[in-house]
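Note sheet for the following structure.
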Amino acid sequence: MPLFLWLTFVLFYSGSAISGQITQAVFSDVQYDALATTQCLAEPGRTMYGGGVIVNPEFSNGTAGWAVFGKGVIEGRVSHSKNRFMVARNRKRPMDSVSQKVRLEKGKFYAFSAWIQVNEGSETVSVVFGVGDGEFAPGGSIVAEQGCWSLLKGGVAANSSSTVDVLFESKNTSKEIWVDSVALQPFSKKQWSFHQDKSIEKVRKSRVRFQITYKKKRGLAVRGAKFLVKQTKPGFPFGCGMNFHILESTDYQNWFASRFRYTTFTNAMKWYSTEAKQGQENYTTADAMVKFSQDNGISIRGHNVFWDDPKYQPDWVKTLSPDDLRKAAEKRINSVVSRYAGKLIAWDVVNENLHFSFFEDNLGKNASSKYYSTAYKLDPTPRMFLNEYNTIEYCGDEKVSPGNYKKRLKEIFSYPGNQDIPAGIGVQGNFGRGQPNLAYMRSTLEILATTGVPIWLTEVSVHPGVNQVSTMHGHASSRRGKIGQAWASISLPVTSRPNFARRPCQY
């Protein structure tokens, strides 16, 4: 009688990080603090790392260890709840603020945190590292508010050993900057790698129990059974951009299909490619690339329905009146989304929507929100992404700071009728020369993860240079594992635009 076996996989998943709460992993002699929140609190949160290398981080000793940077006045104050904090007022220039000198060591990453408030309205406040000779390295920013405390979390990578000024910047000099619970914690590369390995062990690996039973005797185990487990496809999304040359080269086809299970077309689906002349749609190239992908089991991210950068509109679109633009855009979204309905896993609906506002400027402030609604109604299957550059690779770009990214995400997906749309956070990775600032990148991903929305690294380009392999390893390593409630997945590099590559937050 032949033996029929049932094979049952039981996965034991261990550990998860809950957004807005503290998760810690031991780094041999120091613990990494993954606290992340965008809530504005009545009282400042606790001081991370006990302040790290910062002296008098909670201002318990007044202004000891602190000084004025530039002009203006600093003073200690006490709240109604007896909490002590520092205020910079009578500011004349953006960087006039409270500051402290600290010694940074070459090759280390420094995780920064502070709780910030302004005395009126709301204002962007940044942490800045003065490195001498009039040069400053940004370390992160937050939109601070009146009446409550916001967490500013970021960091800096030290490419040389020197003494720097840690200070704060706000372009609106009429606002007072209130500061409390300041921390700057160094991590060596060895410590950072230790945390990466611990995260991999905790999240990416788990115990598996195999239970083999007879088909006709459920529950009766087969003793001494031997079996073979063969992985048929990777479970971690990893892909590559695909351009039209794949239709011309079997070598390119074989190379791609043997390596990647995900793709984004570099240009083939964009409006300027499918309708270069008004009224003359041509999907020949995109259709052929979709067929090739489907034939080879490759999942496709749609890139993109619209691009909010005026420079990348079809030439004929740039001269349309608002009424004509509205009609043309309606035709475009109905055409491309309907054509590929059921064939894509995602859409970048309005690309680079925080940096640019072509459609908002011409069609009203809710133009993008309406397009997400339309795309979802035409095809509810794909996840609908925002997609931006400089969010992780350059901490000096306030437009796409994690706080502003989260704010824009909320604006679009809280628009009437959009609440049920599956949202996605796309962060591009157009890196310049040098070691990436892993401390800032991690803090950014932690803050974005508080949304509970999946995070995808949608592009990768690295400026040519020495030690490129080790540098790229640094980029990739910072995104291993689960952060908060969202997966930070490495996937889908598409086009690179060298003019967008900025020097990372380093000095």
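The values are calculated or read from the model by the stated rules, or taken from the named source; none is laboratory data. All values reported here derive from a predicted model rather than from experimental measurement. Don't worry about glycine lacking a Cβ; one is built from the backbone with ideal geometry, like all the others, and counts go over all protein chains shown. These area figures cover heavy atoms from the full protein model, side chains too; ligands, DNA and RNA do not enter into them. Shrake-Rupley method; radii C 1.70, N 1.55, O 1.52, S 1.80 Å.
Is it the case that E201 is within 25 Å of G62 (Cα to Cα) and of a type outside the set (F, W, Y)?
no
Does the stretch 87-106 contain any residue that is in a strand (DSSP E or B) and of a type in the set (S, T, Y)?
Checked against the condition, which is being in a strand (DSSP E or B) and of a type in the set (S, T, Y), the stretch 87-106 yields at least one hit.
State yes or no: is F292 open to solvent by less than 60 Å² (accessible area, probe 1.4 Å), more than 26 Å from the chain's Cα centre (by Cα) and in contact (Cβ under 8 Å) with a residue 12 or more places away in the chain?
yes
Is at least one residue of the stretch 303-313 within 14 Å of K331 (Cα to Cα), crowded, with 21+ Cβ neighbours inside 10 Å, at pLDDT 95 or above and within 27 Å of the chain's Cα centre (by Cα)?
Within the stretch 303-313 (the criterion being within 14 Å of K331 (Cα to Cα), crowded, with 21+ Cβ neighbours inside 10 Å, at pLDDT 95 or above and within 27 Å of the chain's Cα centre (by Cα)), the answer is yes, since at least one residue qualifies.
T173: open to solvent by less than 70 Å² (accessible area, probe 1.4 Å), at pLDDT 85 or above, of a type in the set (S, T, N, Q) and under 22 Å from the mean Cα position of the chain (by Cα), yes or no?
Taking the combined requirement at face value, the residue does not satisfy it.
So which of S321, S414, S338 ends up being in contact (Cβ under 8 Å) with a residue 12 or more places away in the chain and hydroxyl-bearing (S, T, Y)?
Residue meeting the stated conditions: S338.
Filter the stretch 383-423 for residues that are touching a Phe, Trp or Tyr at 6+ places or on another chain (Cβ under 7 Å) and among the hydroxyl-bearing types (S, T, Y); which is most open to solvent (accessible area, probe 1.4 Å)?
So, considering only residues that are touching a Phe, Trp or Tyr at 6+ places or on another chain (Cβ under 7 Å) and among the hydroxyl-bearing types (S, T, Y), the one most open to solvent (accessible area, probe 1.4 Å) is Y389.
Limited to the stretch 210-229, what total is found for residues that are surrounded by fewer than 10 Cβ atoms within 10 Å (Cβ to Cβ), at pLDDT 80 or above and of a type outside the set (A, V, I, L, M, F, W, C)?
Final tally of qualifying residues: 3.
Output the residue which, of all residues in the stretch 31-72 that are touching a Lys or Arg at 6+ places or on another chain (Cβ under 7 Å) and loosely packed, with under 13 Cβ neighbours inside 10 Å, is farthest from G130 (Cα to Cα).
Applying the filter and picking the extreme gives S60.
Can you tell me which residue in the stretch 178-209 is modelled with the highest pLDDT, limited to those that are within 30 Å of V222 (Cβ to Cβ) and open to solvent by less than 80 Å² (accessible area, probe 1.4 Å)?
V208
Checking R261 against (1) open to solvent by less than 100 Å² (accessible area, probe 1.4 Å); (2) modelled with pLDDT of 95 or more: exactly one of these is not met. Which one?
All conditions pass for R261, except number (2).
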